[in-house]
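Only one structure is covered here, and it is reproduced in the block below.
The values are calculated or read from the model by the stated rules, or taken from the named source; none is laboratory data. Keep in mind it's a predicted model, so treat the numbers as computed, not measured. Every residue, glycine among them, receives a Cβ derived from its backbone with ideal geometry; neighbour counts consider all protein chains shown. Surface accessibility is based on the protein's heavy atoms, side chains included, excluding ligands, DNA and RNA. Shrake-Rupley method; radii C 1.70, N 1.55, O 1.52, S 1.80 Å.
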Amino acid sequence: MSQSNDHSQSIQERVAAAVRSGAALEIQGSGSKRFLGRTPTGEPLATTEHTGIVNYEPTELVLTARTGTRLAELEQILADAGQMLPFEPPQFGGEGTLGGAIATGLSGPARPFAGAARDLVLGCRLVNGRGEDVHFGGEVMKNVAGYDVSRLQAGALGTLGVLLEVSLKVLPRPEKELALALELDRDDAFRQVSDWQAKGAPVTGSAHDGQRLHLRLSGSALGVDAAREMIGGEAEDLQFWQDLRDHRLPWFQDQAQLWRVALPPGRQLPEQLLHNALLDWNGQQVWLGGEQDFSALHQAARAVGGHARSFRGGDREADVLPSNGGIFQHLHRNIKKAFDPEGILNPGRLYADF
């Protein structure tokens, strides 16, 4: 257990001072995901010095760390113990922090197979918009009676509190991993992957670049080898999956503006929207490049049970999430008011008016 980089008191004092003065605060980690959401405003409140492991017992499969801790450092510590963060948080340049991973709620290619970031949060400690140091959840899988407040922080972009510590479930690393590429068209590819899964293939990644299916298998050596014999295909470098996670593939680099659409299993966007697309999560996560009519894209996603957002680039003073009122935005507003009644934490980051 490390205590040397505990800056929780100074962070709490800074928020309490902002409450008294009414000054808005922009919560900053490494800045690797600062492009997400609307343009940040407020005085900077850095969390990068608030680092270190608070508690880690490999036999319990739980890690608690301060939120300024670099993901790369956590992943190395876990790898040394034969474990990993199963939701594969993107790092976008290698400087991402634990706090940023949870605040953005982003998950990598393994998300449909191992769970999302929010699914693996067991508890958290934060400073809310009243300047209070509060704890939610704990360090075991079944510890919450009532509403699971800690998981609300995943994807809130720091609008509900300044995260200080997060407890996460971790998993053992697989004995063997293998990357494959197959010449299959998009629709046939995703149906085929689902069939392979039904037959026991240990799939942990399924993406289509418009020309080929990219597949990752992870598990026991026996299981991976048996799946390879059933599936066939051409072996490729596992680096593809890290490059997909961190948007280092050439396709991402070529996009001046990037849109993300999340879909339920088995659903898809109209074909005319997919002329410049890269699909991950076995078709459930669609990356679209170039200019799009946001309203039309949102309506197309909503028609099949999904949702769309502006992910990177474009006008960051405009909406990046659908701003169409309704129950979800009403709930967002009420939750924000409960956690941050004065509206001082990352105001305007999700929506223009709160």
Quiz prompt | Positions within region 82-95 being of a type in the set (G, A, S) and open to solvent by 40 Å² or more (accessible area, probe 1.4 Å), in sequence order | solution = G93
Quiz item: What number goes with the only condition from (1) under 20 Å from R245 (Cβ atoms); (2) open to solvent by 60 Å² or more (accessible area, probe 1.4 Å) that A189 does not pass?
Solution: (2)
Practice problem: Taking T51 as the residue in question, decide whether it is at pLDDT 95 or above, touching a strand residue (DSSP E or B) at 6+ places or on another chain (Cβ under 6 Å), of a type in the set (S, T, Y) and within 28 Å of I335 (Cβ to Cβ). | Solution: no
Quiz item: Within the group Q91, Q83, which residue is at pLDDT below 95, among the polar types (S, T, N, Q) and assigned by the TED database to the domain that holds V162?
Solution: Q91
Quiz item: Checking H247 against (1) outside any loop (DSSP other than H, G, I, E, B); (2) within 20 Å of S107 (Cβ to Cβ); (3) touching a residue at least 40 places away in the same chain (Cβ under 8 Å), which single condition isn't satisfied?
Solution: (1)
Quiz item: Among the residues of region 245-257, is any closer than 25 Å to S32 by Cα, basic (K, R) and crowded, with 20+ Cβ neighbours inside 10 Å?
Solution: yes
Quiz item: Just for region 29-81: of the residues that are under 17 Å from the mean Cα position of the chain (by Cα) and polar (S, T, N, Q), which one is surrounded by the most Cβ atoms within 10 Å (Cβ to Cβ)?
Solution: T67
Practice problem: Just one of (1) modelled with pLDDT under 95; (2) open to solvent by less than 20 Å² (accessible area, probe 1.4 Å); (3) of a type in the set (K, R) trips up R151, so point out which. | Solution: (2)
Quiz item: For region 207-244, what are the residues that are under 24 Å from K33 (Cα atoms) and assigned to a strand (DSSP E or B)?
Solution: A207
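Just to check your reading of the model, which residue among R302, R333, R349 is outside the structural domain of A156 (by the TED database), open to solvent by 40 Å² or more (accessible area, probe 1.4 Å), under 22 Å from T39 (Cβ atoms) and not polar (S, T, N, Q)?
R333
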Self-check item: Count of region 179-215 residues which are of a type in the set (S, T, N, Q) and within 23 Å of the chain's Cα centre (by Cα)
Solution: 2
Self-check item: Yes/no for Q299 being of a type in the set (S, T, N, Q), within 30 Å of S206 (Cβ to Cβ) and in contact (Cβ under 8 Å) with a residue 12 or more places away in the chain
Solution: no
Self-check item: Any pair with Cβ under 6 angstrom, 6 or more apart, that starts in region 263-292 at a residue that is in a loop (DSSP other than H, G, I, E, B) and ends at one that is acidic (D, E)
Solution: none
Quiz item: Has region 262-280 got any residue that is at pLDDT below 90 and among the aliphatic types (A, V, I, L, M)?
Solution: no
